[in-house]
C-alpha cells in the first residue's frame, strides 16, 4: 500500500472540509471508524457544493502517512492515537476541541505528537440519502514548531495556517472561545453569529468573564477587553457555522462538553476557583444529552 503525504483521522464535517481542500494538492488518506464508513465515503460526498471522492480507509486498514491530522471527537482520542501510531508518521497533529494533547501523547509513540488549534468551521446536512458538508467561515489554523510541513500544505490548499511558537497560550485562547461559544450554541440551537445578539450576548460575555481569571492563572495573556474581542471575532467570522456541540445534539450524539467545559472546570478546581455559570451550562448540556432516553449514539470517527 502506498505511503500518503498526509492523513486525516476523523471524517466529520471539519475533517471532510480539510480533506477536500488538501486533496486538491496532495494525496490524502481519510480514516473512518470501520469498513462500512469508509465505503460510504468512497461512494462520494458533497463538500462546499462540489462532489468529493476521498481515499477513505477503515481504521484497521489505515495506510502509512508522513503526517497525520487528528479531528475525531475527544472521546475517541485514545483509539485514534493507536491508529495514528500504526501509520508510522513523522508527526501527529491534533486539531481537536478541548485539551487532548496529553492523552494523544500517552497512546501514540510517533516522533512528534502535538496539539494545534483551528477556527475553521464546517457543518453537515443529511438529506435525500446523501451527506452535504458546508464550510462556514474561514478561520485560521495554528500549528506547533516542528509541523512546518503541515502548515505549508494547508497554505497551499488555500487555508490560513502558520506556525505558532507559543502554542500553549494559543490553546488556552481557543479553549476560551470554545467554552463560550460551543455550549451556548448547543443550548439555544443557533448558529455562532446569533450569540452576538440579545439575549444570548449577555450569557456569552458572562462565560468569557468568568473563565478568564482561571485561564490567566494558567498562562493566558489576555485582558478582559481582548478576551471579549477574541470571542466576538470568532463568532462573527464563523457566523453561519453550527458549532460542533450543536451538531452533536442535533444528531443525537454525545457532546464534548466534558472535554471542553469539563477541562476548564478541572483547571478551576486546581486553582480553587468556582465557575457557577460554566457548571450550570455543563449540567444543562448533559441534561439535553440524556433527554433522548439514553439513545444518543457515540460520536463518529
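So if R0 is 35 Å, what FRET efficiency would residue 239 and residue 106 give, r being the distance between their Cβ atoms, rounded to the nearest 0.05?
Values: r = 37 Å, r/R0 = 1.05.
Rounded to the nearest 0.05, the efficiency is 0.45.
Computed from Cα atoms, the angle from the helix 276-290 axis to the main principal axis of the chain rounds to 50 degrees.
If you model the chain as an ellipsoid using its alpha carbon gyration tensor, with each semi-axis the square root of five times an eigenvalue, the axes come out at 29, 22, 18 Å, biggest first. Given a cut-off of 18 Å, what percent of all Cα-Cα pairs of the stretch 33-75 lie beyond it? Considering the stretch 33-75, 39 percent of its Cα-Cα pairs are separated by more than 18 Å.
Quick one: length gained pulling residue 166 to residue 274 fully straight, 0.36 nm per residue minus the C-alpha distance?
Length difference between fully extended and current span is 36.1 nm.
Relative contact order, whole percent, for the chain stands at 17, derived from Cα pairs under 8 Å and 6 or more residues apart. Take 281-288, 117-124 and order them by the average number of nearby Cβ atoms within 10 Å per residue, most first; the result is 117-124, 281-288.
Note on the stretch 4-163: percent of Cα-Cα distances in each 5 Å bin, starting at 0 and stopping at the bin with the largest distance, equals 2, 10, 20, 25, 22, 14, 5, 1, 0. Between the stretch 72-112 and the stretch 115-181, how many Å separate their Cα centres? Using only Cα atoms, the two centres lie 16 Å from each other. In the chain, the longest principal axis of the Cα atoms and the axis of helix 224-237 are about 40 degrees apart. Against the main long axis of the alpha-carbon atoms of the chain, helix 13-22 sits at an angle near 50°. Taking a ≥ b ≥ c as the square roots of the eigenvalues of the Cα gyration tensor of the stretch 167-290, is the shape rounded (a/c under 1.5), prolate (a/b larger than b/c) or oblate? Oblate shape, in that a/c is at least 1.5 and b/c is the bigger or equal ratio.
Only the coordinates and a few stated rules stand behind these numbers; no lab work does. Since this is a predicted model, take the numbers as computed values, not measurements. We place every Cβ from the backbone using ideal geometry, glycine too, and count neighbours over all the protein chains shown.
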